[in-house]
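Everything on this sheet refers to the single structure shown next.
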Amino acid sequence: MPSVTEILDSMDYGPAPEASGEVVAWLKARGTFGHFIDGAFTRPGKTFATSNPATGEPLASVALGSASDVAEAVKAARAAYPAWSKLSGHERARWLYALARHVQKRERFLAVLETLDNGKPIRESRDIDVPLVARHFYHHAGWAEMLEEEFPGARPLGVCGQIIPWNFPLLMLAWKIAPALAAGNTVVLKPAEQTPLTALAFAEICAEIGLPKGVVNIVTGDGETGAALVGAEVDKIAFTGSTEVGRAIRKATAGTGKKLTLELGGKSPFVVFADADLDAAVEGVVDAIWFNQGQVCCAGSRILVAESAAGSFQQRLTARMAKLRLGDPLDKSTDVGAIVDATQLARIRDLVAQGEAQGAVLHQAPAQLPPHGCFFAPGFLTNVAPANIVSEVEIFGPVATLATFRTPDEAVELANNTRYGLAASIWSENISLALDVASKVKAGVVWINCTNVFDAGAGFGGYRESGFGREGGREGMREYLAVPPPRAVPEAEAGRLDAAPYPGPASRGTAPIDRTAKLYIGGAQKRPDSGYSYAVMARGREIGLAGLGNRKDIRNAVEAAHSAKGWGKATGHNRAQVLYYLAENLAAREAEFVTRLKAAGVAKPADEVALAIRRAFHYAAQADKFDGAVHSTKSAHVTLAMPEPFGVMGIACPDDAPLLGFLSLVLPAVAMGNRVVAIPAPSMPLAATDLYQVFDTSDLPGGVINIVTGAKDELAKVLAQHDDVAAMWYCGGPEGRAMAETESGGNLKATWTFANRDWRGAGGQGREFLLRATQVKNIWVPYGE
Ligand code: NAI
């Protein structure tokens, strides 16, 4: 023990461990944990051990969930659903308040348990994770209270399967369970195999407050248990974890009708401009990548610094790194704790070694690693070429890469040079520069002059291969609710409509192409690459010929759509003007369209055309009205929720309502700033190809709407597989829907697949189309000293 004068000399921190006696006694008393199903713990069958990564000591044995355990849990959740979903929002709110209060009551206990199981410093679990858990339950209690008012007509989904990783075990649980329950769903949650204990402590809280049986079920286990939950009779899967598993889940759920949200990996940029407060930015790095052992999906793991400030920044970073305290996670003065387990530690070591072998230089804190446990000294890598493995792959450890840029444009280019898009952190004292870069980076969350700030009131989730869907706030609530179209067309009827005349191989004629309606690509009519056309039939009679588009035409159309970038940057007002003009031009040719639809055998053609015109005016009106929000989150923060277009969208239109169905999908997408490649109704594409002249006379920039006619599913498959298409809508039968979801798994594009609906009814138009045509970017801007 050093003397007081020695301490004053060195100013070193003494050990200040948080007491763990209560938690250790609890673990001992519980012995082996079963699953929590239907309000009680089961008798454990097969088990596995969970241990303390800081010491290697085992903490507890936990049941290894089998497919039949999962089925039991789903059955319990299903049985609990009717009563739970019928409670009033107010009644459910009271249960959520009770959960919040009981989490608060046990804050210290839960923080210690989390730190023991996960290895994260107690400062993080105690000061960040557990308070946020309570905040989530309070916040969502509020949504339950206001449900009918705030989400009119919405209904819960049913039973939700939720699978979470090990980096924020209890916080991820809250993030998933709180909105699900608030919306009226029941849940089966599978915690990560490395960190199941706080979920089991939470199960005890559920039992303690007398939450109705079966509303919350916890099944512990590994990836196989997770896969069993994905395959079980659930109505929704919410997953957080690796992109690889996310992609497998996308494929496994394709065509099942299970709603899906994925929150996956990231390789988030941390951009430091020369005019930034460099010391604050260095502290940002501590928070972003070191303080949490880098085990955060949104960790700012790619530091990009303005060349002119790079020397000074690296010096400060090195000095700060030397002062980080690594060691016992239970010690209140520890900055860097343990890596979650030996596998993850080996993965970090391996990736860093590969990076070094490819030329990167590792700068590491001179920390003394404890003799036992999974520890990795924090560091950063320089001399990292863009093709180096550490530039591309998520390390998920306390090591960032450090590279430089010269201009803001280069910073944006480097920031976006990744397949991920979860988060970004931007440091500059020039607010207009920071906001400009924030608007240009492709990420679901952008922190300006701050990093890793979370709150239940803001949405969180990614762009691109970081997944889709949002958690938190109003955006997250929507993921647990369905708004059924008031008059959905029954599946049988929708199927019949989809079976309308369809260009199969047999109908590939060799009609001269000049009699044929061509494709519309980049604002010009184009001959299809195949040189073929197909006969469009109505009541057994040929009424025209349409181009038979192929893979190459789709590729050209996507390219043309990409080139029309200006549309996404145009103001809502500009887009509105074009759409008003389009509506007017459509109205001017109303009679021609009525004649065309009449010839095609469409019932009440005048009604359909009149409605199509109204719809064009509606989305023109929405172009500058559908906007975002400023969320109420932390004090001295503005949190902007900005809906942004996806970019290039693929849309496979319904066979039914060839004009109205087409416009009902294409117009909201372009009103929000997307560029579209659309496949019109294959049985009657002429209603869409007749629009070419309307587009041409409406000042619609070339490439904003591209039309490829032909075999719908063949073309839709190419669109779904295309890596430069960011979102895909498919309206049609179950096989086509499954295909569109499966094929979209490659770049994890956001999909919306649905059966044909009554386009003339209230479900044919509205906010849902606009919500589906946008993704929300949450931008955090702190203010004050
Ligand atoms: P993982 O994706 O394998 O595990 C996450 C959760 O999914 C766990 O509960 C696991 O049991 C479950 N799971 C695994 N395979 C499954 C399957 N086939 N079907 C359903 N559920 C399944 O992630 P893991 O192995 O823990 O970490 C690997 C890498 O993933 C990390 O190094 C990191 O790069 C990334 N990761 C990203 C996270 C994020 O927050 N986005 C969190 C954890 C890991």
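Compute the relative contact order of region 269-461 as a whole-number percentage, counting only Cα pairs closer than 8 Å that sit 6 or more residues apart in sequence.
The normalised contact order for region 269-461 reaches 28 percent.
At 10 °C and 1.306 mPa s, what whole-number value in µm²/s does Stokes-Einstein give for the translational diffusion of region 623-711, with Rh from the Kirkwood sum over Cα pairs?
Value of D from the Cα-based Kirkwood radius: 108 µm²/s.
Distance cut-off 27 Å, Cα to Cα: go down the list LYS251/LYS625; LYS749/LYS777; LYS258/LYS552; LYS236/LYS625; LYS46/LYS190; LYS213/LYS258 and report the pairs above it.
From the list (LYS251/LYS625; LYS749/LYS777; LYS258/LYS552; LYS236/LYS625; LYS46/LYS190; LYS213/LYS258), the Cα-Cα distance tops 27 Å for LYS251/LYS625; LYS258/LYS552; LYS236/LYS625.
Enter the accessible area per residue of region 550-775 (Å², integer; probe 1.4 Å; all protein chains in place).
The answer is 33 Å² per residue.
If I take every Cα pair under 8 Å that is 6 or more residues apart in region 550-775, average their sequence separation and divide by the length, what percent do I get for the relative contact order?
Result for region 550-775 is 25 percent.
With a 1.4 Å probe and every protein chain kept in, tell me what percent of the accessible surface of the chain is carbon plus sulfur.
53
Can you order the peptides 534-547, 166-179 by their average number of other Cβ atoms within 10 Å per residue, highest first?
The packing order, highest mean first, is 166-179, 534-547.
Which Rg and Dmax, in Å, describe the Cα atoms of region 21-264?
16.8, 52
Magnitude of the Cβ-charge dipole of the chain, K/R +1 and D/E -1, about the Cα centre, nearest 20 debye?
With only Lys, Arg, Asp and Glu charged at Cβ, the dipole is about 2080 debye.
With +1 on the Cβ of every Lys and Arg and -1 on the Cβ of every Asp and Glu, and nothing else charged, how large is the dipole of region 550-775 about its Cα centre, in debye rounded to the nearest 20?
In debye, rounded to 20, region 550-775 gives about 340.
Would you rank ARG349, ARG123 by solvent-accessible area, highest first, keeping every protein chain in place and using a 1.4 Å probe?
Sorted by accessible area, descending: ARG349, ARG123.
Amide H of THR404: which non-local residues (sequence gap of 5 or more, or other chain) have their own amide H closer than 5 Å, using H built in the peptide plane?
Those qualifying (amide H under 5 Å, at least 5 residues apart or on another chain) are VAL305.
Residues with amide H under 5 Å of GLY39's amide H, sequence separation 5 or more or different chain, H placed in the peptide plane at 1.01 Å from N; which?
Under 5 Å from the amide H of GLY39 lie the amide H atoms of GLY214, each far enough along the sequence or on another chain.
How big is region 520-623 on each of its three principal axes, counting only the C-alpha atoms and giving the largest first in Å?
46, 36, 16
Given charges of +1 on the Cβ of Lys and Arg and -1 on the Cβ of Asp and Glu, with all other atoms neutral, how large is the dipole of region 21-264 about its Cα centre, in debye to the nearest 20?
Dipole of region 21-264, to the nearest 20 debye: 260 debye.
Give me the one-decimal Kirkwood hydrodynamic radius in Å for region 330-461, with the sum taken over alpha-carbon pairs.
Taking every pair of different Cα atoms in region 330-461, averaging 1/r and inverting gives 16.8 Å.
Lys/Arg Cβ at +1, Asp/Glu Cβ at -1, dipole of the chain taken about the Cα centre: which of MET477, LEU663, PHE405 is farthest positive-ward?
Value: LEU663.
Find which of ALA546, ALA599, ILE249 sits farthest along the positive direction of the dipole of the chain, computed with +1 on the beta-carbon of Lys and Arg, -1 on that of Asp and Glu, about the Cα centre.
Checked the options; the winner is ALA599.
Please sort 259-270, 558-569 by packing, taking for each peptide the average over its residues of neighbouring beta carbons within 10 angstrom, highest first.
259-270, 558-569
So what is the relative contact order for the chain, in percent, with contacts set as C-alpha pairs under 8 Å and at least six apart?
Result for the chain is 12 percent.
How much space per residue, in cubic angstrom, does the convex hull of the C-alpha atoms of the chain take up?
161
Under the rule of at least 5 residues apart or a separate chain, name every residue whose amide H is placed under 5 Å from the amide H of VAL776.
GLU644
May I ask for the Rg/Rh ratio of region 358-401, computed from Cα atoms with Rh as the Kirkwood radius, given to two decimals?
Radius of gyration over Kirkwood radius for region 358-401 works out to 1.03.
When ligands, DNA and RNA are left out and all protein chains stay put, how many square angstrom of accessible area per residue does region 21-264 have with a 1.4 Å probe?
35
The values are calculated or read from the model by the stated rules, or taken from the named source; none is laboratory data. Because the structure is a prediction, the values reported are computed rather than measured. Note: ideal-geometry Cβ built from the backbone for every residue, glycine included; neighbour counts use all protein chains shown. Accessible surface areas use protein heavy atoms only, side chains included; no ligands, DNA or RNA. Shrake-Rupley method; radii C 1.70, N 1.55, O 1.52, S 1.80 Å.
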